[in-house]
Amino acid sequence: MSAVELQSVSRWYGTVLGLSRVDLSLGSGVTALLGPNGAGKSTLIRLVSGQLRPSSGNVRVFGENPFANPSVAAHLGLVPEEEGFPPRVSGKDWVCFLLRLHGYGSTESSQRAEHTLEEVRLDTVAHRPVSTYSRGMRQRLKLAQAIAHHPDLLILDEPLAGLDPVGRREMIDWIKAWGNKGHSVLVSSHILHEVELMTREIVLMNQGRVLASGNVHDIRRLIDAHPHRVRLSTPTPKILAAQLLDFPGIRSISFSEEREQVELETKEPERFYELLANLALEEHITVHEMTSPDDNLEAVFKYLVEP
Amino acid sequence: MSRFWNSRAAVVAQWTFEKLLWSPRTMVMASVTLFPVALAVIFRIAAAVGLQVSFTGFGFFSVVTATVSFPFVAPMLALFYSSGIVVDEAENGTLPYLVTRPITRVSLLAGKMAGSLALQIAIFLPSLVLCFYVAVAPSGFQEVGSRFPTLALDAGVAILGIAAYSGIFAFLGTALRRPVLVGLIFVFGWQAAATYIPGFVRKLTVAHYLQSLLPHESLQGALSGLWGERPSALLAVSVLLTISLMTHALAILAFSRKEFAGRVSS
Amino acid sequence: MPLHDVSYRRFEGTRVGGLARIWALARFQMLSLLKQRRFLFLMFASWIPAFVRGGQIYVAKQFPQAVPFLEVDQSLWRDFLSQQVSFLLVILVALYAGSGSIASDLRSGALVIYLSKPLSRMDYLIGKCLPLLAAILAVTLLPGLALLLFHLGLSENWSLLTESPWLPASILAYSLWLAAYFCLMVLAISSLSRSRRLAAVGFVLLALGSHALYGMAMRMSFGQAPAYLSLIGASVDVADLFFGLATENGSSWGSLVVMTLLMVAGVGIIDRRLRSSEVAT
């Protein structure tokens with residue numbers, strides 16, 4: 001059973017369409033939710049976390065409707081995008097209180113809170129009011145309250161926002177580790193190159209619809225409208241370029257003798273790689289490096305989202 | 001009993017009570033509830049310096065209770081705290097944390113309402129008792145002793161009244177975006193206007209039943225002029241309890257169905 | 001043929017002056033208020049006493065012998081305007097239009113953005129005051145003048161104006177005084193909180209709490225307590241001064257002084273709060 005299932009889910013805010021007939025299934029590991037502002041990411045997160053009801057369709061988390069459902073909430077941890085803490089409360093008190101809502105006694109809540117705050121490196125400031133925390137500390141506190149009860153599904157809405165580079169790195173490592181433990185993690189972010197460090201499984205959204213979901217490379221392969229770009233480093237770019245001209249499936253070639261590079265576009269990347277290998281052997285052409293500048297998340301995002 | 005106190009609703013109630021108790025806004029409200037005590041002090045000073053005063057100590061306490069404590073202080077307390085039960089969490093941005101916990105919406109709101117109500121009573125009753133002692137004690141211990149049952153009844157009426165107002169404002173706070181305005185119109189508009197409208201209309205106010213329960217015989221003539229004939233104590237208590245229970249239940253119902261779209265869209 | 005320069009160029013035109021900036025802020029707030037149906041309903045409801053007074057004027061004109069006690073003189077306008085306060089209509093309008101005015105900006109961080117523009121603190125304050133003044137004047141000055149025009153329209157001669165030539169000025173002055181007073185009071189309280197709701201309750205506590213205190217003081221002192229103990233009482237008490245009517249005691253002047261001091265204190269509180277927001281937090 002998937003952790004999260006959405007079946008033809010739509011959600012309106014008055015006349016504004018937040019989500020449009022979304023079908024989605026999420027299992028264990030880290031899944032990244034990507035899309036520009038207004039794509040519907042936060043709406044989807046609120047539906048999955050049980051804060052909103054769908055206008056139509058079904059949302060199932062661990063097989064149940066998550067809206068106002070304590071039994072689903074017991075297995076859920078949410079790191080919301082908004083910053084919100086009660087005034088004049090210490091970090092530990094806040095985590096303790098939320099743990100007590102999970103049914104833990106006061107002693108166990110206290111111990112769990114201390115342990116979790118140590119895990120997110122807030123142990124030295126646990127007794128200080130949250131209002132004195134820096135932005136990064138608050139983000140870590142949000143994470144602490146979400147994981148203190150060891151949820152099976154962790155949802156993070158823009159967890160990297162406001163973090164410095166070190167903090168972002170730590171958060172990414174932490175998210176990956178949580179996913180590697182077999183838990184389900186759904187993370188929404190705008191920072192593409194950092195999402196790539198977290199996972200290759202993405203759900204790409206725009207204007208309330210899911211444009212693509214799955215592995216980044218698989219998605220890239222399916223985008224026929226944009227041929228793949230391949231960049232080759234070779235000491236003989238002119239000769240290589242001349243040889244490649246005869247290849248079927250090549251849309252364009254450019255080369256630079258100064259940079260010792262050949263760059264081409266092809267709609268059949270797999271076939272091209274095979275032919276290149278044969279060419280290099282038969283014609284004794286040296287290729288130092290081969291890269292694909294657009295076989296990445298940014299390219300997928302750009303090709304699918306931008307008009 | 002232990003199971004109740006360890007229940008999640010009790011956890012929420014305790015958290016709500018503790019966090020509100022030591023907040024700056026409670027300091028402000030506590031000073032408001034001291035209005036009647038301040039008046040009692042002024043009364044005592046006036047009597048002590050030989051100024052002509054038209055009341056006995058207990059008479060003064062009766063008037064203050066009937067004209068300041070119950071019609072103004074009690075509803076303002078309830079409006080201040082109960083209307084913000086959900087709104088404050090939404091404004092602080094803490095609502096997503098609460099509604100995504102394994103606690104039913106009923107328990108969550110019941111806990112918050114219980115904590116808030118307990119705090120309102122904890123703020124109001126000491127003011128009432130203090131006002132009584134400041135006003136009546138100089139008349140002698142015998143006077144205090146003989147009037148003490150009245151104070152106890154006043155305290156009971158206060159709890160009923162605060163519970164009724166609290167329920168109304170909790171429901172308004174859950175159902176409306178601007179509960180303060182509607183609450184003010186109800187307390188100081190509708191309830192005030194109802195004194196001028198004869199007949200059944202007066203029965204559609206909380207003040208009508210509260211005033212009828214006040215055990216201050218000296219005021220009943222004046223109060224009857226304003227509020228019409230008193231209903232029986234049993235009827236008044238039943239109506240106030242019903243108002244309290246029904247409005248709290250409506251608040252819970254409204255909250256159970258509410259969705260929270262948050263402040264940021266993406 | 002020269003290529004067109006598309007690089008950055010400084011604006012070399014004329015920038016608009018301070019009044020236009022103030023108006024931009026005020027207009028923004030006014031439009032957002034006017035879009036709210038509840039506000040429009042409240043404004044309409046606040047005109048009901050004016051319609052009742054209009055009926056009174058009509059009856060007094062049509063049946064002067066039958067209702068000799070409904071004489072129309074300047075005390076009608078004094079009573080009407082002061083009752084707009086004592087019936088809490090002005091308070092409700094000020095509450096709705098102003099309680100969240102500065103509090104919301106403090107909460108959202110918009111205040112820092114406003115003050116980072118070429119907008120002084122005074123510009124900001126005036127921009128915040130204007131919509132509130134307009135709202136209060138809409139339920140005091142406008143109905144007051146409308147009643148005056150209605151009365152004059154029903155009159156064969158304008159004896160009221162010949163007997164009370166200062167009446168229009170009195171209506172204007174008293175309305176402006178009330179508007180300025182309640183505007184500054186509610187904005188001062190709004191500046192003390194980051195929550196619209198708490199600011200509203202705070203304003204109500206001040207207005208109605210002081211009035212309850214005044215009521216109790218009246219009882220204790222056999223009706224001798226000064227009206228300036230109450231925010232509402234003071235604003236009703238000064239009406240006699242504006243309309244040139246005899247006051248029973250000197251408390252009207254006392255109320256005027258107290259109201260002035262409160263307005264100055266209100267400006268001081270707002271200025272202090274606006275200053276503190278300029279320091280990085």
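The values are calculated or read from the model by the stated rules, or taken from the named source; none is laboratory data. Every value quoted in this text rests on a predicted model; they were computed, and no experiment measured them. Note: ideal-geometry Cβ built from the backbone for every residue, glycine included; neighbour counts use all protein chains shown.
Data table
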item	result
Residues located in segment A:14-32, provided they are within 14 Å of chain B (Cβ to nearest Cβ) and either among the charged types (D, E, K, R) or closer than 19 Å to A:Pro66 by Cα (or both)	A:Gly18, A:Leu19
Every pair of residues 6+ apart whose Cβ atoms lie under 8 Å, when the first sits in segment A:265-294 and is free of Cβ contacts under 8 Å to residues at least 12 places away in the same chain while the second is of a type outside the set (A, V, I, L, M) and part of a loop (DSSP other than H, G, I, E, B)	A:Ala280/A:Thr286
Positions within segment C:134-163 being buried (at least 17 other Cβ atoms within 10 Å of the Cβ) and farther than 30 Å from C:Gly268 by Cα, in sequence order	C:Pro143, C:Gly144, C:Leu147, C:Leu148, C:Phe150, C:His151, C:Leu160
Checking A:Gly14 against (1) out of contact with any Ser or Thr (no Cβ under 9 Å at 6 or more places or on another chain); (2) in contact (Cβ under 8 Å) with a residue 40 or more places away in the chain, the condition it does not meet	(2)
Those residues of segment B:175-199 which are buried (at least 24 other Cβ atoms within 10 Å of the Cβ) and not aliphatic (A, V, I, L, M), in sequence order	B:Pro179, B:Gly183
Residue list for segment C:154-207, restricted to those being within 14 Å of chain B (Cβ to nearest Cβ), without any contact (Cβ under 8 Å) to a residue 12 or more places away in the chain and under 20 Å from C:Thr140 (Cβ atoms)	none
Only listed residue being modelled with pLDDT of 90 or more and closer than 19 Å to A:Ala32 by Cα, chosen from A:Leu122, A:Leu156	A:Leu156
Of the criteria (1) more than 13 Å from chain B (Cβ to nearest Cβ); (2) surrounded by fewer than 17 Cβ atoms within 10 Å (Cβ to Cβ); (3) in contact with a Ser or Thr (Cβ under 7 Å, 6 or more places away or on another chain); (4) not acidic (Asp, Glu), which one A:Pro129 fails	(1)
Hits in segment A:71-103 (condition: farther than 20 Å from B:Phe17 by Cα and either in a loop (DSSP other than H, G, I, E, B) or touching a residue at least 60 places away in the same chain (Cβ under 8 Å) (or both))	A:Ala74, A:His75, A:Leu76, A:Gly77, A:Leu78, A:Val79, A:Pro80, A:Glu81, A:Glu82, A:Glu83
Identity of the residue in segment A:84-104, out of contact with any helix residue (DSSP H, G or I) (no Cβ under 6 Å at 6 or more places or on another chain) and within 28 Å of A:Gly63 (Cα to Cα), that ends up farthest from the other protein chains (Cβ to nearest Cβ)	A:Tyr104
All helices (runs of 4 or more DSSP H) inside segment A:157-262 with 1 or more residues being over 12 Å from the mean Cα position of the chain (by Cα)	A:165-180, A:216-222, A:237-244
Residues that are within 7 Å of chain B (Cβ to nearest Cβ) and crowded, with 20+ Cβ neighbours inside 10 Å, drawn from segment A:71-83	A:Ala73, A:Leu76, A:Leu78, A:Pro80, A:Glu81
Flag if B:Ala118 is surrounded by fewer than 18 Cβ atoms within 10 Å (Cβ to Cβ), out of contact with any strand residue (DSSP E or B) (no Cβ under 6 Å at 6 or more places or on another chain) and modelled with pLDDT of 95 or more	yes
Residues within segment C:223-272 that are assigned to a loop (DSSP other than H, G, I, E, B) and of a type in the set (D, E, K, R), tallied	1
Residues located in segment C:71-94, provided they are modelled with pLDDT of 85 or more and of a type in the set (Val, Ile, Thr)	C:Val85, C:Val90, C:Ile91, C:Val93
Qualifying helices (runs of 4 or more DSSP H) (wholly inside segment C:81-122; at least 3 residues being under 15 Å from C:Leu184 (Cα atoms))	C:89-98, C:101-108
Of all residues in segment B:153-196 being more than 17 Å from B:Leu213 (Cβ to Cβ) and among the aromatic types (Phe, Trp, Tyr), the one that is nearest to the other protein chains (Cβ to nearest Cβ)	B:Phe188
Subset of segment A:34-65 that is among the hydrophobic types (A, V, I, L, M, F, W, C) and assigned to a strand (DSSP E or B) - its residue that is farthest from the other protein chains (Cβ to nearest Cβ)	A:Val59
Considering residues of segment C:237-250 that are of a type outside the set (Asp, Glu) and surrounded by fewer than 21 Cβ atoms within 10 Å (Cβ to Cβ) only, the residue modelled with the highest pLDDT	C:Leu241
Residues being over 27 Å from B:Leu172 (Cα atoms), modelled with pLDDT of 65 or more and either within 14 Å of chain A (Cβ to nearest Cβ) or surrounded by 14 or more Cβ atoms within 10 Å (Cβ to Cβ) (or both) - total across segment B:232-266	1
Complete set of residues in segment C:41-57 that are away from every other protein chain (no Cβ under 14 Å), part of a helix (DSSP H, G or I) and in contact with a helix residue (DSSP H, G or I) (Cβ under 7 Å, 6 or more places away or on another chain)	C:Ala50, C:Arg53, C:Gly54, C:Ile57
Subset of segment C:208-220 (residues that are within 10 Å of chain B (Cβ to nearest Cβ) and of a type in the set (A, V, I, L, M))	C:Leu208, C:Ala212, C:Leu213, C:Met216, C:Ala217, C:Met220
Residue ranges of helices (runs of 4 or more DSSP H) in segment B:109-215 with at least 3 members under 27 Å from B:Thr56 (Cβ atoms) and touching a residue at least 60 places away in the same chain (Cβ under 8 Å)	B:141-175, B:206-213
Checklist (1) more than 7 Å from chain B (Cβ to nearest Cβ); (2) without any contact (Cβ under 8 Å) to a residue 24 or more places away in the chain; (3) farther than 30 Å from A:Leu197 by Cα applied to A:Ala68, failing item	(1)
